[in-house]
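Everything below concerns the one structure shown next.
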Amino acid sequence: MSSTTLIHRYAWLEHDEGMWHFLTDLFADPGESTRSWPDHTRALEELSNEGWTVISPYPEKPLSPQEQTERTCGYGLMWNSTRFN
């Protein structure tokens, strides 16, 4: 008899210095990300096509473009996978 296990992976899409960076470690430096985009809409579209889902934006209230250059903002992401045992 086989069973299935749901596996969750977490990542972040963070805005830093005009770019949106995909990070798999909460404490990673955005400058060291292996993937980045100039536009968050394009980044979220690509990541969604790969199976990533936005859990929550941070901060909760959207920032103006000027605030985005002054404060950290981004999205918490989750990816679900089913593994068969």
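The values are calculated or read from the model by the stated rules, or taken from the named source; none is laboratory data. Just so you know, these numbers come straight off a predicted model, no measurement behind them. Cβ coordinates were reconstructed from backbone atoms using ideal geometry, including for glycine residues, and neighbour counts include every protein chain displayed.
Restricted to the stretch 9-46, and to residues there that are surrounded by 18 or more Cβ atoms within 10 Å (Cβ to Cβ) and out of contact with any Leu (no Cβ under 9 Å at 6 or more places or on another chain), the residue that is nearest to Pro57 (Cα to Cα) is Asp16. Looking across Asp25, Asp29, one residue alone is at pLDDT 85 or above, over 22 Å from Ser81 (Cα atoms) and not basic (Lys, Arg). It is Asp29.
When residues of the stretch 2-17 are filtered for being in a strand (DSSP E or B) and either of a type in the set (Asp, Glu) or modelled with pLDDT under 85 (or both), how many remain?
Total meeting the criteria: 7.
Within the stretch 18-36, the set of residues being over 14 Å from Leu47 (Cα atoms) and either assigned to a strand (DSSP E or B) or without any contact (Cβ under 8 Å) to a residue 24 or more places away in the chain (or both) comprises Met19, Asp25, Leu26, Phe27, Ala28, Asp29, Pro30, Gly31, Glu32, Ser33.
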